[in-house]
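*Asks:* Before I ask anything, here is the structure I am working with.
Throughout, read-outs are computed from the coordinates displayed, never taken from laboratory work. In this text, all values refer to a predicted model and were calculated from it rather than measured experimentally. Cβ atoms come from the backbone with ideal geometry, glycine included; neighbour counts cover every protein chain shown.
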Amino acid sequence: MLIVSNVLMTLAWYGNLKFDFGKVFPKWGIFGIIIVSWGIALLEYFFMIPANRIGFQGNGGPFSLMQLKVIQETITLIVFATMSILIFKGDPLRWNHFAAFICLVMAVYFVFKG
């Protein structure tokens, strides 16, 4: 559920840079793009909220609030990097991106180490 929500959020935030959302509301300009992005973000919330509620220790899940956040941020960056390469044809991955990913994996390790 977190992966689906992050794919949708990446599309909501950055999809307007690749896809012409202005065609949906051609006379609305940036306001139309915002409306389409909000619609995608609303759909994203249908996955993110239940995922967090199910995963949270306070609701019987296995993760603390801090663990949930670190997991979510790591998934966000993995999804963004993947979509940037495959869909948006963005900047190529460089050594510093891999170094940052290793730091994220270490963050996940340390947040669970306690």
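*Asks:* Does the chain come out rounded, prolate or oblate, given a ≥ b ≥ c as the square roots of the eigenvalues of its C-alpha gyration tensor, rounded meaning a/c under 1.5 and, failing that, prolate meaning a/b above b/c? Could you put the intermediate results ahead of the total?
*Replies:* On the way: a/c = 3.74, a/b = 1.43, b/c = 2.61.
Cα axes put the chain in the oblate bin.
*Asks:* Continuing with the same structure: Going by alpha carbons, how many degrees (0 to 90, nearest 10) lie between the helix axis of 2-18 and the longest principal axis of the chain?
*Replies:* For helix 2-18, the angle is close to 30 degrees.
*Asks:* Among Trp95, Trp38, rank each residue by its count of other Cβ atoms within 10 Å, from fewest to most, as a rough exposure measure.
*Replies:* With the fewest neighbours first, Trp95, Trp38 line up as Trp95, Trp38.
*Asks:* Most exposed first by the Cβ proxy, i.e. fewest other Cβ within 10 Å, how do Ile87, Ile49 rank?
*Replies:* Working: Ile87 15, Ile49 12.
Lowest to highest Cβ neighbour count: Ile49, Ile87.
*Asks:* Now for a separate question. Which length gain, in nm to one decimal place, applies between Leu42 and Phe88 when the Cα-Cα distance is subtracted from 0.36 nm times their residue separation?
*Replies:* Details: separation 46, 0.36 × 46 = 16.56 nm, distance 2.20 nm.
Stretched out fully, the Leu42 to Phe88 stretch lengthens by 14.4 nm.
*Asks:* Return the sequence-ordered ³J(HN,Hα) values of the stretch 100-105 in whole Hz as given by the Karplus equation 6.51 cos²θ - 1.76 cosθ + 1.60 applied to θ = phi - 60°, using x for Gly and Pro.
*Replies:* Once rounded to whole Hz, the list reads 5, 4, 4, 4, 5, 4.
*Asks:* With a cut-off of 8 Å between alpha carbons and a minimum separation of six or more residues, what is the relative contact order of the chain in percent? All intermediate terms of the calculation are to be shown ahead of the outcome.
*Replies:* Details: 92 pairs, mean separation 30.6, N = 114.
Dividing the mean separation by the residue count of the chain yields 27 percent.
*Asks:* Looking at the stretch 13-80, which trypsin sites (Lys or Arg not before Pro) are DSSP coil and have at most 14 other C-beta atoms within 10 Å of their C-beta?
*Replies:* Numbers: sites: Lys18, Lys23, Lys27, Arg53, Lys69; in loops: Lys27.
Filter output for the stretch 13-80: Lys27.
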